[in-house]
Protein chains: 2
Amino acid sequence: MKKPSIVLLGAGYGGMITATRLSKQLGHNEANITLVNKHDYHYQTTWLHEPAAGTLSPERTRMEIKSVLDLNKIKFVKDSVVEIKTDAKKVILENGELDYDYLVVGLGSEAETFGVPGVHEHAFSKWTVNGAREVKEHIEYQFARYNNMTEKRDELLTFIVAGAGFTGIEFIGELSERVPELCKHYDIPREKVKMYVIEAAPTALPGFDPELVEYAMNLLEARGVEFKINCPIKEVTETGVTLASGDEIKAETVVWATGVRGSSVIEKSGFEAMRGRIKVEPDLRAPGHDDVFIIGDCALLINEEINRPYPPTAQIAMQMAETCAENIKLLMKGGSSLKTFKPDIKGTVASLGGKEAIGVVGTRKLFGAQANFMKKMIDNRYLFLLGGPGLVLKKGKNPL
Amino acid sequence: MKKPSIVLLGAGYGGMITATRLSKQLGHNEANITLVNKHDYHYQTTWLHEPAAGTLSPERTRMEIKSVLDLNKIKFVKDSVVEIKTDAKKVILENGELDYDYLVVGLGSEAETFGVPGVHEHAFSKWTVNGAREVKEHIEYQFARYNNMTEKRDELLTFIVAGAGFTGIEFIGELSERVPELCKHYDIPREKVKMYVIEAAPTALPGFDPELVEYAMNLLEARGVEFKINCPIKEVTETGVTLASGDEIKAETVVWATGVRGSSVIEKSGFEAMRGRIKVEPDLRAPGHDDVFIIGDCALLINEEINRPYPPTAQIAMQMAETCAENIKLLMKGGSSLKTFKPDIKGTVASLGGKEAIGVVGTRKLFGAQANFMKKMIDNRYLFLLGGPGLVLKKGKNPL
């Protein structure tokens with residue numbers, strides 16, 4: 001009897017946890033497991049605001065896949081996914097193709113522009129290791145250029161963050177914390193640096209407790225951040241952003257953080273999707289495809305309590321991965337009733353730079369040092385789930 | 001009787017050593033000493049190839065003037081010199097003016113373009129703290145951008161150094177030493193990085209011993225540097241350089257290091273000068289100006305042995321400063337015969353990155369670790385002359 005082929009697409013939070021679970025639960029003779037990823041490393045998407053602002057080495061956010069997964073049990077293919085052909089049960093890669101019996105799609109997300117022109121051309125929108133390194137070096141380059149200008153152009157030192165959601169707030173938290181140090185290093189008067197967070201929605205951090213939102217905004221404003229809430233951006237241009245009002249803010253640096261959409265591979269492969277996300281069955285399979293599981297940011301799941309989709313978070317991706325691994329095992333054993341996925345939101349913490357953070361754990365609100373401690377514990381817990389205590393020691397964050 | 005006013009322009013090697021000598025040799029009641037400088041810090045011009053390549057923090061190359069000079073004895077004015085009016089014995093500053101009885105001009109140098117178009121617009125030519133920081137951040141930015149490009153533009157990773165003199169060689173030495181580390185950090189295949197040193201003269205390091213030049217070139221070539229000797233540059237453009245042959249080398253980074261000319265203030269003030277340098281009297285005074293001393297890169301001095309000007313080095317600037325301080329004291333005491341300046345070239349060492357260097361001390365040729373040791377000793381010796389053992393401990397280099 002031929003061993004079934006399980007193909008995992010993407011080595012993000014979802015793909016990595018699925019891979020560790022399957023490799024532990026299945027014996028060598030039970031299945032061929034193949035993981036496909038663009039890079040030979042996994043990285044922590046939720047940490048990227050730190051290297052992007054230059055407050056953490058990008059090396060701390062990534063790890064070689066072979067250092068975490070047992071590549072005797074999992075075959076790793078470094079390649080980019082072009083298309084999934086569900087009829088033929090094939091995945092087309094840039095440099096080859098793979099047949100599957102079971103497919104797990106964890107291809108993550110891309111920046112959502114909401115049709116605003118100029119985002120891809122003039123804003124930094126890639127929340128990847130490469131993207132974060134580019135933002136960091138771009139920012140430092142502006143500081144370094146400023147004093148060499150005969151006519152000082154203040155827009156070099158104007159930083160716009162589009163979007164006051166989780167990513168935008170965490171990024172401006174790091175950047176605003178770092179600005180005094182950058183000013184000192186590059187001999188820039190502090191008042192020359194302008195930071196804006198521009199948000200189309202009527203509040204920053206929509207969905208967060210209003211008291212926590214106020215705490216975060218006050219803290220960031222005290223560090224010199226100016227919020228423009230209820231203020232849609234019409235266009236990103238070579239010289240800055242144009243607002244819906246017609247006003248322009250000149251800035252050499254625009255960081256795009258208005259949220260994400262699922263991978264474009266989803267639509268290219270003919271799945272029915274909303275902004276690259278597939279509304280999955282309760283067992284995480286794609287509707288009409290009994291052998292295809294969708295996890296992480298490509299999966300759309302409705303929170304029945306508020307009748308809105310769950311946000312695409314690492315926490316949910318990892319929980320999906322555990323259910324997905326179990327369901328593949330059940331399918332392989334010929335089971336017909338699979339497990340229903342039920343997220344268990346343990347808490348949400350947003351870091352604000354330095355020792356500051358806000359968060360909710362259970363029904364409890366956390367501020368400042370306490371929230372910061374919790375944030376680091378969450379980051380370390382993921383490392384522990386993925387690679388055990390060794391990985392925590394190697395890449396973890398000291399919570400004190 | 002009115003105390004004479006001694007005004008020192010520029011806080012480079014010459015100005016700083018003149019200031020320390022005068023403040024030690026003259027009592028409070030003997031003279032008013034004023035030092036004018038654009039920044040409130042002094043920096044080590046000869047170290048700037050290191051922060052420019054990113055192998056040393058720029059902070060290590062600079063020090064606050066107040067931390068080195070006794071500002072109870074010397075009045076410090078932070079301002080830029082616009083013009084010297086010798087008839088009125090006045091110095092015009094951007095924000096004021098100063099009268100002098102004795103003037104010491106140590107305004108240093110500017111990049112010499114030799115009339116090549118595009119240098120100021122498209123090349124990095126400022127060997128200053130601000131300039132070095134800009135080059136470093138520019139380089140890192142190119143590495144960071146590369147992997148984010150849909151179509152990889154290899155000119156992002158092409159680095160051209162114009163000029164194979166001291167500065168050009170020392171800079172490419174640091175950069176070539178750092179490239180493997182940059183490639184690792186930014187996930188760039190090493191072979192993607194191209195480094196060129198382009199020199200119009202028929203040899204690299206003109207004036208250096210040929211055996212040492214060969215050692216340096218072999219070493220740098222082994223690190224991937226390509227030399228184009230006897231190869232004048234016709235123009236620097238937005239996309240790279242055009243050679244006299246008409247060939248173009250595409251590069252996002254062109255570092256200009258073909259040598260220097262004296263400060264433009266010299267010509268603006270009506271002194272007779274060759275490329276901003278005044279051919280000084282043997283006692284270092286400007287011809288026809290009994291109260292104006294010219295030291296450092298603005299002074300032109302012929303080495304009678306080879307009938308060519310001495311190169312503008314830190315070593316000579318410092319020795320000029322000592323003679324200058326003595327001559328001012330002699331003038332103040334009504335002396336008519338001043339001391340003749342005679343340089344005492346103790347040695348010359350060029351660093352090549354890492355633990356590598358070449359040099360001549362006396363008649364002895366030095367290579368590798370030995371030359372590197374000597375280079376660091378020279379750097380530390382200057383710190384000792386300027387600020388004693390405390391400054392060596394604070395800013396010095398470990399020679400081992």
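With axes computed from alpha carbons, what is the tilt in degrees of helix B:210-222 against the longest principal axis of chain B, rounded to the nearest 10 within 0 to 90? Helix B:210-222 sits at roughly 50 degrees to that axis. Diffusion coefficient (Stokes-Einstein, Kirkwood radius over C-alpha pairs, 4 °C, 1.567 mPa s) for chain A: 58 µm²/s, rounded to a whole number.
Accessible surface buried at the B:A interface totals approximately 2000 Å², computed with a 1.4 Å probe on protein heavy atoms.
Taking amide H atoms as placed 1.01 Å from N in the peptide plane, the amide H of B:V260 lies under 5 Å from those of B:E112, each 5 or more residues away in sequence or on another chain.
Looking only at chain B, where both bridge partners belong to it, what percent of the DSSP beta bridges are antiparallel (to the nearest 5)? Intermediate results must be reported in sequence, preceding the final value.
Values: 34 of 68 bridges.
In chain B, approximately 50 percent of DSSP beta bridges are antiparallel ones.
For B:V161, nonlocal amide neighbours, meaning residues 5 or more places apart or on other chains whose placed amide H falls under 5 Å from its own, are B:Y196, B:V197, B:I198, B:V255.
Please calculate how many Å² of accessible area the stretch B:119-256 carries per residue, with a 1.4 Å probe and no DNA, RNA or ligand atoms counted.
Working: 5540 Å² over 138 residues.
I get 40 Å² per residue for this part.
Relative to the longest principal axis of the Cα atoms of chain B, helix B:129-146 runs at roughly 10 degrees. Of all aspartates and glutamates in the structure, the ones whose alpha carbon falls short of 13 Å from that of A:K250, not counting any fewer than 8 places away in one chain, are A:D154, A:E155, A:E235, A:E238. Can you list the residues of the stretch B:166-211 that have at least 10 square angstrom less accessible area with all protein chains present than in their chain by itself, probe 1.4 Å? Listed in order, they are B:H185, B:Y186, B:D187. Charge tally for B:M195 (other residues, Cβ to Cβ under 9 Å; Lys, Arg +1; Asp, Glu -1): +1. FRET efficiency for the pair B:I302 and A:D70, taken as 1/(1 + (r/R0)^6) with r the Cβ-Cβ distance and R0 = 51 Å, rounds to 0.10. With respect to the axis relating copies B and A by rotation, the chain B residue whose beta carbon is closest, plus that distance in Å, is B:Y141, 2. Rounded to the nearest angstrom and listed largest first, the equivalent-ellipsoid semi-axes of the stretch B:119-256 from its Cα gyration tensor are 23, 18, 15.
With the highest mean first, a sort of the peptides A:183-190, B:333-340 on other beta-carbon atoms found within 10 angstrom per residue produces A:183-190, B:333-340.
Inter-copy label distances for A:T203: 7.6 nm (label point placed 7 Å from Cα along Cα→Cβ; shortest first).
Treating r as the C-beta distance of B:K342 and A:K355 and R0 as 51 Å, the FRET efficiency rounds to 0.25.
Applying a threshold of 26 Å to the alpha-carbon distances of B:K73/B:K395; A:K78/B:K136; A:K75/A:K329; A:K126/A:K339 flags A:K78/B:K136; A:K126/A:K339 as lying beyond it.
With respect to chain B, whose longest principal axis is taken over its alpha-carbon atoms, helix B:314-332 is tilted by about 10°.
How well do other chains shield peptide A:141-154, expressed as the mean number of their Cβ atoms within 10 Å of each residue Cβ? Numbers along the way, then the final one.
Values: counts 10, 2, 3, 12, 5, 3, 8, 8, 2, 1, 0, 0, 0, 0.
So the per-residue partner count for this stretch is 4.
Sorting B:372-380, B:124-132, A:208-216 by average packing, meaning the other beta carbons within 10 Å per residue, from highest down gives B:124-132, B:372-380, A:208-216.
Residue pairs exceeding 28 angstrom between C-alpha atoms, taken from A:K152/A:K228; A:K38/A:K184; A:K38/B:K194: A:K38/A:K184.
May I ask you to give the percent of accessible area on the stretch A:188-286 that is carbon plus sulfur, with a probe radius of 1.4 Å? Ligands and nucleic acids excluded, carbon and sulfur reach 50 percent.
Hey, what's the stretch A:343-384 come to in accessible area per residue, 1.4 Å probe, Å²?
Details: 1990 Å² over 42 residues.
I get 47 Å² per residue for the stretch A:343-384.
Can you give the FRET efficiency to the nearest 0.05 for B:S264 and A:E30, using r as the Cβ-Cβ distance and R₀ = 56 Å?
Computed FRET efficiency for B:S264 and A:E30 comes out at 0.10.
The values are calculated or read from the model by the stated rules, or taken from the named source; none is laboratory data. These figures come from a predicted structure and were not determined experimentally. No Cβ is skipped: glycine too gets one built from the backbone with ideal geometry, and neighbour counts run over all protein chains shown. The area values use the complete protein model at the heavy-atom level, side chains included, leaving out ligands, DNA and RNA. Shrake-Rupley method; radii C 1.70, N 1.55, O 1.52, S 1.80 Å.
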